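Asker: Here it is, the structure in full.
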Amino acid sequence: MSDRPFTAAAFDQFLSEGKLMASRCTSCGAVHLPPRAICPTCFGESLTWIETTGRGALAAYTAIAIGPAAMQTAGYTRENPYVSGLVTLEEGPTISALILGVDARHPESIRIGQPLVAGYEPIGGRTVLAFRPVGT
């Protein structure tokens, strides 16, 4: 799909294009996200980019009231916390991402296993991966 190297910069560029890309090992078929240049499953060096569906389920989360500078600049504070979570994608890998469309002030209302869909948010001068509950 792409001749881009398997780097964080390439991954970020795909996010800015509205694509959640993973690496797939052509030797063992393992899918990795974030992408890897060498397959950690079989140590193969022959990988290809694949575009994921962007659909998954919430595996874990935390509400954050005091975050890094970019999140504070974006307006997230003690009075306006945000949620970061682990999302297990349909393709298998789990990735950490911002979770939007949930109530960070009432984290007890957030459900593990909740279906989510990927989105892309401009924060701190770059595009970050952000998931929302399906249907919101």
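The values are calculated or read from the model by the stated rules, or taken from the named source; none is laboratory data. Remember, it's a predicted structure, so these values are computed and weren't measured experimentally. Neighbour counts are summed over all protein chains in view; Cβ atoms, including those assigned to glycine, are modelled from backbone coordinates with ideal geometry. Surface areas here come from the heavy atoms of the whole protein model, side chains and all, with no ligands, DNA or RNA. Shrake-Rupley method; radii C 1.70, N 1.55, O 1.52, S 1.80 Å.
Asker: Got a sec? Which residues in the range 34-57 would a label at C28 touch, if it sits 7 Å along Cα→Cβ and we count backbone N under 17 Å?
Answerer: 34-48
Asker: Rounded to a whole number, what % of the accessible area of the chain do carbon and sulfur atoms account for, probe 1.4 Å?
Answerer: The nonpolar share, carbon plus sulfur, comes to 53 percent.
Asker: Also: Going 7 Å from the Cα of F43 toward and past its Cβ, which residues in the range 1-25 have a backbone nitrogen under 20 Å from where you end up?
Answerer: 24-25
Asker: Helix-only mean residue ellipticity at 222 nm, the chain, DSSP H runs n ≥ 4 weighted -39,500 (n - 2.57), per residue, nearest 500. What is it?
Answerer: Calculated from helices alone, the mean residue ellipticity at 222 nm is -2500 deg cm²/dmol.
Asker: Would you mind telling me the antiparallel percentage of the DSSP bridges in the chain, rounded to 5?
Answerer: Within the chain, antiparallel bridges account for around 95 percent of the total.
Asker: Continuing with the same structure: Using label points projected 7 Å from each Cα along Cα→Cβ, tell me how many nm separate H106 and R36, to one decimal.
Answerer: If labels sit at H106 and R36, their model points lie 4.1 nm apart.
Asker: Once both labels are modelled 7 Å past Cα along the beta-carbon direction, what's the I66-T53 spacing in nm?
Answerer: Here the modelled spin labels are 4.1 nm apart.
Asker: Turning to a different aspect of this structure: Test of understanding: what is the full-extension gain from T136 to A9, defined as 0.36 nm times their sequence separation minus their Cα-Cα distance?
Answerer: Result for the pair: 42.8 nm of gain on full extension.
Asker: Please give the direction-averaged projected area of the C-alpha convex hull for the chain, in square nanometres with one decimal.
Answerer: Average of the hull's projected areas for the chain equals 8.4 nm².
Asker: Can you give me the accessible area per residue for the chain, using a 1.4 Å probe, in Å²?
Answerer: I get 53 Å² per residue for the chain.
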